[in-house]
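One structure below.
The values are calculated or read from the model by the stated rules, or taken from the named source; none is laboratory data. If you're wondering where the values come from, they're calculated on a predicted model, not measured in any experiment. Every residue, glycine as well, gets a Cβ built from its backbone with ideal geometry; the counts of neighbours run over all protein chains shown.
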């Protein structure tokens, strides 16, 4: 910025003021723009988020597989319970006859 000020100092007085005002407005606008480093940082964050999302999707697949296995085990247990109850009823009837 110092080089610009040195160049402006060489200009006529009636041009210095308006030019300094324009440069100040331009500086404010540039300050509000996204810098390349900001954009690169944002890209890195998005990449990490995408990787995390992939990991979560894989974990969800594993969880769904485990849930399916548990569901099948519960069904087998329910069937075994039903058989046990039927056998118990049969034994109870036989015991009552004796």
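Listed here are the residues, each with its yes/no results for (1) in contact (Cβ under 8 Å) with a residue 12 or more places away in the chain; (2) surrounded by fewer than 10 Cβ atoms within 10 Å (Cβ to Cβ).
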site	(1), (2)
5	no, no
20	yes, no
30	no, yes
87	no, no
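Just to be sure before I move on: is residue 44 over 38 Å from the mean Cα position of the chain (by Cα) and modelled with pLDDT of 90 or more in the structure I sent? It is false that residue 44 is over 38 Å from the mean Cα position of the chain (by Cα) and modelled with pLDDT of 90 or more.
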